[in-house]
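Every read-out reported here was derived from the displayed coordinates using simple, explicitly stated rules and does not represent laboratory data. Nothing here was measured: the structure is a model prediction, and the numbers come from that model. Don't worry about glycine lacking a Cβ; one is built from the backbone with ideal geometry, like all the others, and counts go over all protein chains shown.
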Amino acid sequence: MTQVANADQSRQMPLHQSPIVWGSVALLLVALLLVGSAISVTQGALMLVGGALGLVLYHAAFGFTSAWRVFILERRGRGLRAQMVLLAVAVVLFFPALSAGMLFDHPVRGFVSPIGVSVMVGAFMFGIGMQLGGGCASGTLFTAGGGNARMVVTLLFFIVGSVLATINFDWWSSLPAFQPTSLVELGAGPGIATSLALFAVIAAVTVWLERRRHGSLEAAAVPAERRGTARWLRGPWPLLFGAVALALLNFATLALSGKPWGITSAFALWGAKGIQVLGMDPGQWSYWQQPGNAQALSQSIWHDINSVMNIGIILGAMLAAALAGRFQPSFRIPLRSLLACVIGGVMLGYGARIAFGCNIGAYFSGIASGSLHGWVWMVFAFAGNMVGVKLRPFFFAQPARPAVSGC
């Protein structure tokens with residue numbers, strides 16, 4: 001009886017986390033109601049999707065940064081294989097809708113961008129920034145929302161780097177590049193088959209390399225106190241469940257907004273708004289003279305889909321961290337780690353802008369849209385991660401592999 005009581009007690013949420021749970025729920029509901037009433041019901045629904053993304057990202061610890069780092073250092077490929085499942089589910093959902101150009105009687109379009117020098121350089125920069133900053137775009141949001149003070153610093157300089165890239169964005173756009181190309185142009189069926197074959201090859205390579213080094217594949221470990229129904233409330237969630245859930249939520253984003261999930265264009269917008277407050281005029285830069293960007297700059301951020309979803313992700317991750325009993329911000333950041341946040345954040349922001357997206361907009365949503373630029377982004381970002389992993393020991397004293405996976 002004593003052991004059962006102790007087990008039940010270990011599953012209970014820490015009392016000091018309860019106000020944070022209700023506070024994050026209240027913030028999410030208030031933001032949802034305000035956006036839904038002031039802007040549109042659809043915009044409010046997109047904030048709710050953002051909240052669900054934050055919850056899934058945190059509870060499934062679905063990371064791009066750590067998954068790539070663990071594979072580079074240890075040849076453990078469980079995280080990379082989960083990414084292939086994520087992409088496989090996404091292309092099966094996206095390609096038929098994008099081929100038809102309609103979804104639920106509404107027009108939809110994918111993220112298809114040119115393949116050029118800016119994509120290669122930007123993705124490589126972003127890859128280095130992932131390892132120095134400690135996260136990707138989605139990882140920075142959900143870990144910052146989960147109470148990681150260090151990642152708040154990375155997010156701040158992510159915004160700085162994004163704004164800096166808009167200053168000379170026209171120069172990067174003038175560099176040699178191929179026209180945007182999508183596998184959807186082959187037709188939904190052939191495009192899906194080609195994509196699935198590529199995902200299978202990548203997954204098979206990770207299995208071969210992992211077995212070659214370790215003899216067997218790594219199994220997911222679940223803490224005993226988090227098994228059963230309590231796991232679904234407080235985490236951790238199975239990694240593959242997270243992959244499928246993220247693909248479904250990206251598809252929901254496509255259905256609601258007419259385009260896939262993106263993150264980093266909002267950071268450039270937030271930075272430009274901040275510059276306006278300081279009395280400067282970013283509207284004179286060519287990036288902000290493009291029709292869509294000019295409109296976003298002239299309106300409130302609550303009209304911007306990516307901004308609304310990003311805020312939802314932060315609030316959803318805050319709720320997940322409180323439910324897990326882990327919302328405990330610490331502001332003791334070693335100097336070298338702080339320096340890595342600054343350098344990594346700037347590289348993340350600058351790289352994402354000139355590469356037409358981040359691990360979400362270019363890699364996840366780009367490949368889900370069939371864009372060949374998404375595949376090029378993956379190759380050069382992975383190369384950047386390899387360099388970033390080599391640089392990490394200078395900045396971080398802790399082991400290269402974290403105790404909790406994720407960005």
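Remarks
- Projecting the Cα atoms of VAL89, HIS373, ALA203 onto the charge dipole of the chain, computed from C-beta unit charges around the Cα centre, puts ALA203 farthest toward the positive end.
- Translational diffusion coefficient of the chain (Stokes-Einstein, Kirkwood radius from Cα pairs, 10 °C, 1.306 mPa s): 74 µm²/s.
- Tensor-based shape of region 49-102 (alpha-carbon gyration tensor, a/c under 1.5 rounded, otherwise prolate or oblate): oblate
- Computed extension gain for LEU27 through ALA193, at 0.36 nm per residue and net of the alpha carbon distance, reaches 55.5 nm.
- Dipole magnitude for the chain: computed about the Cα centre from +1 point charges on Lys and Arg Cβ and -1 point charges on Asp and Glu Cβ, it is near 1260 debye.
- Total formal charge among the other residues, if their Cβ is under 12 angstrom from that of GLY134, Lys/Arg +1 and Asp/Glu -1: +3
- Restricting region 308-385 to chymotrypsin sites (Phe, Trp or Tyr not before Pro) that sit in a DSSP loop and have at most 15 other Cβ atoms within 10 Å of their own Cβ leaves PHE331.
- Estimated FRET transfer efficiency when R0 is 30 angstrom, pair ASP281-LEU175 (beta carbons, to 0.05): 0.70
- Estimated 222 nm signal from helices in the chain, with DSSP H stretches of n ≥ 4 weighted -39500 (n - 2.57), rounded to 500: -22000 deg cm²/dmol
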